Amino acid sequence: MTPPADGPRAESLTWLIEELFTAGARQAGLKYLQGIGLWLPSGPTDFAIPDLSLVESDYRDAHVEKNCFAPHIFRMVVEVTSSNWSDDLGTKVDCYAQAGIPIYLVADRRHDEAVLHTDPRGGEYHSRKAFKRGTSVPLPESIGITLELPVDRLLDGDEG
């Protein structure tokens, strides 16, 4: 069995939801969901379950099967690394790029940085930017809201 997520990881995700709410994601026609299935184009039964997804508000219309939804409704997926960190930094980068997910954000606690993948074309991300502690990750405006995320909070959760 997979061990449960640690507290700071859960805090990071909860904090991120609060930030998306404050930035007006709902007013922009978006929903932020944890544990929603993303149907992948790599096989007839292939899917991923990102830690957090920013999706179109009418995402239910894009249901495929097995509680998974078509990739076109996803504007951003977020992973906060845990014991399976190599999946988040390798396999999932490829899978999300092949699915055409516009923005993949990884809070990489293993390497103490946040990594923003954008511009998926031809099955790979053409832009990868790493952000160190003390800086913020500016999310591309293409998601429909303006938001900068402090790396320390993405990595550590809500310390305050």
If you roll a 1.4 Å probe over the heavy atoms of the protein chains, what accessible area per residue do you get for the chain, in Å²? 50 Å²
Just the number, please: carbon plus sulfur as a percent of the accessible area of the chain, 1.4 Å probe, no ligands or DNA/RNA counted. 48 percent
Given labels modelled 7 Å from the Cα in the Cβ direction, how far is it in nm from D158 to L33? 2.3 nm
So what's the net charge close to I17: Lys and Arg +1, Asp and Glu -1, counting the other residues with Cβ under 12 Å from its Cβ? -3
Under 22 Å between alpha carbons - lysine pairs in the chain that sit 8 or more apart or on different chains: 5
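The values are calculated or read from the model by the stated rules, or taken from the named source; none is laboratory data. Since the model is a prediction, treat every value here as computed from it, not as a measurement. Here the Cβ is made from the backbone with ideal geometry for all residues, glycine too, and neighbour counts use every protein chain on show. The protein model used for the area step is the full one, side chains on, heavy atoms only, and it has no ligands, DNA or RNA in it. Shrake-Rupley method; radii C 1.70, N 1.55, O 1.52, S 1.80 Å.
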